[in-house]
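Data block below; observations after.
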Amino acid sequence: MKFNQYIFNNLTQKKVRTILCIIGIATSLVSSTVMALLTDYYSSRTSTFFRPFPEFDEVLERGTNFIQLIPVGSTIDLEVKSDLDTYFNIDSIPLLIVPNNKDLLSFYNNYIYGVPFLQQQILFQSIYLQMGRWPQNSNEIVVGNEYLDKKELTLFNHTFPIVGVISKQYSYLDRIIIMDHSILEQKTGNLGKTTVIFIPSFLEKNISKIDKFELENSHIDILTSSEMEALHGQIGDFMNNLVNVLSVFTAGASIIFVFSLELMNIFSRKKDFDIFRILGAKTKTIFQTVVIENFILLISGLIIGIPVSILSFSLLYSYLILNVNQSTTFFTGFSKGWNYIFHPFQWDLFIENILIISIANIGFALIISLIGLRQYKLSELKQKY
Amino acid sequence: MNSISTKTMNQKEEIILQLTGIEKSYKTYSETLHVLRGVDLTIHRGEIVSIMGPSGSGKSTLLNIIGLLDTYDSGMYSIAGIDTTNLTRKQKQQIRLQKIGFVFQTFNLIQTLTVQQNIELPMNLLRKSQENQHKRSSELMAEFGLTTKKKKFPYQLSIGEQQRVSIARALVNNPVIILCDEPTGNLDEENAQTILNHLSNLKRFNTTILIVTHNPSIKQITDRNFILSHGKIEQQA
Ligand SMILES: Nc1ncnc2c1ncn2[C@@H]1O[C@H](COP(=O)(O)OP(=O)(O)OP(=O)(O)O)[C@@H](O)[C@H]1O
Ligand SMILES: [Mg+2]
């Protein structure tokens with residue numbers, strides 16, 4: 001008899017236990033991997049989702065080619081805008097116009113498109129005329145939504161060719177600003193009248209000017225891009241923390257899962273160990289069997305778990321992303337195709353997960369068998385046998 | 001085994017076990033239970049000796065001390081000429097492996113090993129070669145009528161067969177003594193008789209056997225019988 005025979009027999013004779021252990025290890029790897037990768041991916045993307053204008057300068061630049069529609073019915077104070085223009089001595093400040101809540105709903109129900117710069121003024125004029133509220137000479141920033149499958153759009157008797165679509169994530173911006181905005185309105189006591197003006201970064205050098213202007217016009221909040229960053233940072237932090245808590249819980253749950261499998265495994269063998277000890281086996285020999293056996297279980301678990309992890313993450317990922325970004329062109333963070341499967345896969349995180357599970361597995365096995373062997377004195381065995 | 005059987009009469013007087021004034025008490029938090037109050041026992045090579053006594057008299061305790069599974073409070077105990085007073089855990093483990101064979105009431109076979117593997121296990125722990133292991137286990141399986149069962153697992157055996165496997169396992173490393181705690185306790189009369197016959201057959205190999213039992217028919221096979229009561233041991237006439 002070779003001693004490995006004992007390990008082999010254990011694995012092959014207690015099939016249910018062996019299969020359970022392997023599936024358990026595989027499952028914990030899959031769940032912790034998918035959770036860790038998706039959350040990590042999500043938290044890295046939230047910085048895009050919650051960034052009002054991911055590339056502010058680009059948006060400015062784009063403003064010369066496109067307009068981005070603002071939701072109908074937004075509050076805008078033209079006087080404030082022209083005040084600002086004179087104050088900062090520039091032609092026109094790009095505006096971010098923040099809708100009220102009810103406007104936001106109608107905004108979501110209408111499809112908003114990007115239209116070429118040449119058409120802007122006509123568009124703005126017609127909207128302004130109809131709604132009585134729009135700026136007349138605006139190349140300003142407006143929040144947009146997506147819909148690319150149409151080539152052109154007739155809005156207020158004008159037909160505009162569609163040349164670009166603002167990605168959906170801008171809508172997150174609305175919510176964020178609205179929250180902030182209403183607090184601002186409450187604070188300033190200017191309900192329904194407050195304007196939030198988003199200024200380009202080059203104006204931020206005049207920070208004292210901005211402060212002064214805000215002091216003089218309490219109903220106006222000038223959002224600098226650094227303030228936007230800060231706002232984004234808070235929300236990003238919140239999301240990241242949430243995501244971290246979630247992945248810690250998943251990792252914890254899967255480690256406890258592996259731990260209980262080990263407990264089950266080793267305590268089912270306690271009697272064997274006792275007999276070995278009585279017969280005169282070295283503690284080292286018993287440890288060896290535990291380690292080798294767990295190693296085999298671990299490797300089998302990983303052999304199943306690794307491809308399943310990759311596959312399930314990729315499927316989930318592409319499913320989620322396909323749903324989110326169907327018609328985005330401005331936002332090119334994702335490209336469709338098979339590279340989904342490997343492109344976003346965070347190998348370092350994955351390997352980290354594999355290592356954690358492996359170490360937990362072998363470590364638990366050792367700790368439990370150490371406890372199991374240390375706990376009793378040989379003299380107590382006689383009571384049992 | 002042949003090497004043992006060719007011992008001369010002179011060597012039969014060789015002392016295998018010597019216990020003098022062994023005392024053992026168990027301390028619970030409320031009281032101290034004096035189980036052994038000075039046990040003197042000497043066993044020579046080739047003897048089959050039984051110890052009887054009422055339940056709770058300390059028979060298993062004594063057997064565990066002899067098997068180096070338990071410690072004693074005072075007295076002197078030597079096995080095969082080795083004084084056990086100052087042995088380390090590792091040394092005790094080596095003596096258990098090489099010099100003592102254990103037979104239990106509940107057999108204590110490894111359920112996931114076959115008959116042959118169970119028998120070879122203690123040899124394996126001594127790192128004996130595969131060849132030697134097979135040779136020795138075949139010998140023993142033939143002796144105990146287990147050759148046809150060699151690939152069976154313990155749960156596929158009758159209890160009598162299981163006890164025979166455990167005796168074969170106890171013998172495999174040619175120990176100086178076999179310690180049996182109630183070897184027939186779980187067996188019916190017929191199986192018990194078979195086991196006793198097998199143990200008695202070991203006489204021809206000059207095997208030393210110490211049996212603790214309630215079974216009075218043990219006297220058929222023993223050379224000497226002891227009674228343990230009130231912490232003292234006495235040889236029966
Ligand atoms: N670890 C222990 N702690 C405390 N008391 C113990 C311990 N082991 C045994 N005893 C007590 O010591 C006494 C002797 O026990 P032992 O098992 O040696 O008896 P025994 O003669 O083998 O009995 P039986 O014939 O029923 O097997 C009993 O009263 C038992 O309760
Ligand atoms: Mg007993």
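Observations
- Subset tally (residues that are buried (at least 22 other Cβ atoms within 10 Å of the Cβ) and either without any contact (Cβ under 8 Å) to a residue 12 or more places away in the chain or facing chain A (nearest Cβ under 9 Å) (or both)) for the stretch B:78-100: 2
- Scanning the stretch A:275-306 for residues that are on the phi < 0 side of the Ramachandran plot, open to solvent by less than 70 Å² (accessible area, probe 1.4 Å), at pLDDT 85 or above and not hydrophobic (A, V, I, L, M, F, W, C) returns A:277, A:285, A:289, A:293, A:294, A:300, A:301, A:305.
- Count of the stretch B:51-72 residues, restricted to those that are within 12 Å of the chain's Cα centre (by Cα) and either without any contact (Cβ under 8 Å) to a residue 24 or more places away in the chain or near ligand 2 (Cβ under 9 Å from one of its atoms) (or both), is 3.
- Screening residue B:197 on (1) modelled with pLDDT under 95; (2) buried (at least 21 other Cβ atoms within 10 Å of the Cβ); (3) closer than 27 Å to residue B:111 by Cβ; (4) not acidic (Asp, Glu) shows it passes everything except condition (2).
- Within the stretch B:29-77, the set of residues being more than 12 Å from chain A (Cβ to nearest Cβ) and polar (S, T, N, Q) comprises B:30, B:32, B:42, B:50, B:55, B:57, B:74.
- Sole exception among (1) within 11 Å of chain A (Cβ to nearest Cβ); (2) touching a strand residue (DSSP E or B) at 6+ places or on another chain (Cβ under 6 Å) for residue B:176, by number: (1)
- Every residue from the stretch B:193-217 that is within 16 Å of ligand 1 (Cβ to nearest atom) and outside any strand (DSSP E or B): B:213, B:214, B:215, B:216
- Tabulated pairs, the stretch B:217-237, first aromatic (Phe, Trp, Tyr), second open to solvent by 40 Å² or more (accessible area, probe 1.4 Å), C-beta under 9 angstrom, 6+ apart or interchain: B:226/B:234; B:226/B:235; B:226/B:236
- Qualifying residue in the stretch B:25-40 (condition: closer than 21 Å to residue B:236 by Cβ and more than 13 Å from ligand 1 (Cβ to nearest atom)): yes
Residue-wise test of (1) open to solvent by less than 50 Å² (accessible area, probe 1.4 Å); (2) among the polar types (S, T, N, Q).
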| site | (1), (2) |
| --- | --- |
| B:167 | yes, no |
| B:170 | yes, no |
| B:178 | yes, no |
| B:193 | no, yes |
| B:214 | no, no |
| B:220 | no, yes |
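- From B:156, B:117, residue being without any contact (Cβ under 8 Å) to a residue 12 or more places away in the chain, surrounded by fewer than 18 Cβ atoms within 10 Å (Cβ to Cβ) and over 17 Å from the mean Cα position of the chain (by Cα): B:156
- Answer residue from the stretch A:1-35, given it is over 26 Å from residue B:122 (Cα atoms) and in contact with a Phe, Trp or Tyr (Cβ under 8 Å, 6 or more places away or on another chain) and is farthest from the other protein chains (Cβ to nearest Cβ) among those: A:34
The values are calculated or read from the model by the stated rules, or taken from the named source; none is laboratory data. Quantities reported herein were computed from a predicted structural model and do not represent experimental measurements. Reconstructed Cβ throughout: ideal geometry from the backbone, glycine too, with neighbour counts over all protein chains shown. Protein only, heavy atoms only, side chains kept; ligands, DNA and RNA dropped before computing areas. Shrake-Rupley method; radii C 1.70, N 1.55, O 1.52, S 1.80 Å.
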